[in-house]
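Nothing in this text is a laboratory measurement; each read-out follows from the coordinates by a stated rule. Computed from a predicted structure; not experimentally measured. FYI the Cβ positions are ideal-geometry reconstructions off the backbone, even for glycines, and counts take in every protein chain you see.
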Amino acid sequence: MRVLLAAVLLAGAAVAAAPQGGRVNPAAITATGFPATLGEYGFFRDPAAQVPAAGVTPYRVQTPLWSDGAEKLRFVFVPAGQKAKAQGDGLLDLPVGSALIKTFKLDGRLIETRVLLHRADGWLALPYQWNAEQTEAKLVLAGARFPAKTPAGQPISYAIPNKNQCKECHASSGAVVPLGPKARNLPAAWLAAFHKSGRLDSVPQVTRRVPLWEARAKVSVADAARGYLDANCAHCHNPRGAASNSGLFLDWEQADPVALGIGKRPVAAGRGSGGLEFDIAPGDPAASILYHRMASLEGGVSMPEVGRDSVDPDGLAVVAEWIRGMKR
């Protein structure tokens, strides 16, 4: 996986030299309706190898959303002659006609590709499932579920979200929005290369960048844990997200300890609280609702609610260490 990440970063640094061959079909992005196959978009010159077409740029995020240990390949397309706009530390403002593409792999096989399409009436999220031959991915509006194994060999029931479930995470103030390409969670070198390629209006001046997950041992445990929570929880747990009524806000910019859950009693966790009193009990992960829900796979308790059928041991360990180090 490290080799793959290095290749993605290298491709991002050489963003101006997009591969020649296949061409993106802009109409598939902007027209009404739902393309039945991934191939209709023309995002890949070699779909099985995930070689992008001209104008489609690979990227990575500093700290990713964890999805049962699946490997993820990310790409962005900005229409010719247009530019994304930098918005400080936040999301890149991608123009109408843009697309975000994320492919998931398990055991070396392509399993699904999710696309976010920026149409005139807003963003649209659609899921595609790869066939056994690895030649094409078909639209699965109702989602799909099938047996699989995590990289650690744990059997899981892997779920591709249905179209409506995509909205559960990609919603802000009721509208579907991208999650990953925030300047604070993108490599500085990639942003500079994307700007140099003519696809970004300026290089964002990031105040404080989310740590690189693989290098988390080199940063403070607080930054590693906060970056993980931002990537895995803050799409709902922010003042405009689906969990705004919880009062628990886990976004990277959050500075209020109580909003972060430290010494905070839950608003309405119900049985999800496990009978515990505080979202985060300083010094005691086992007494913290946040840790309890991250460690659970029980319906109505497990957090995040969708997108995983197993527990992330590395993420759980970082959050536990962060909580353990807090003064009681």
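Under a model in which nothing but the beta-carbon of Lys, Arg (+1) and Asp, Glu (-1) is charged, region 213-324 shows a dipole of about 180 debye around its Cα centre. Among the listed pairs Lys72/Lys182; Lys72/Lys149; Lys72/Lys218; Lys85/Lys196; Lys105/Lys196; Lys149/Lys182, those with a Cα-Cα distance over 19 Å are Lys72/Lys218; Lys105/Lys196; Lys149/Lys182.
When +1 charges are put on Lys and Arg Cβ atoms and -1 charges on Asp and Glu Cβ atoms, the dipole computed for region 146-299 relative to its Cα centre reaches about 420 debye. Only Lys, Arg, Asp and Glu carry charge here, each on its Cβ (+1 for the first two, -1 for the last two); on that basis the chain has a dipole of about 480 debye about its Cα centre. When the Cα convex hull of the chain is projected onto planes of every orientation, the mean area is 15.8 nm².
Within straight-line reach of Lys163, meaning a Cα separation under 17 Å, sit the following aspartates and glutamates at least 8 residues removed in sequence or on another chain: Glu112, Asp121, Glu305.
Placing unit charges on the Cβ atoms of the charged side chains and taking the dipole of the chain about its Cα centre, the candidate lying farthest along the positive direction among Leu212, Val177, Ala234 is Leu212. Over the chain, DSSP H runs of length four or greater, each weighted -39,500 (n - 2.57), average out per residue to a 222 nm ellipticity of -5500 deg cm²/dmol. Extents of region 72-217, largest first, come to 44, 43, 32 Å (Cα atoms, principal axes, whole angstrom).
Spread over its residues, the convex hull of the C-alpha atoms of region 213-324 is 95 Å³ per residue. Would you please name the GluC sites (Glu not before Pro) within region 253-328 that are DSSP coil residues with at most 15 other C-beta atoms within 10 Å of their C-beta? Counting only loop positions with at most 15 other Cβ atoms within 10 Å, the GluC sites (Glu not before Pro) in region 253-328 are Glu253, Glu277, Glu298.
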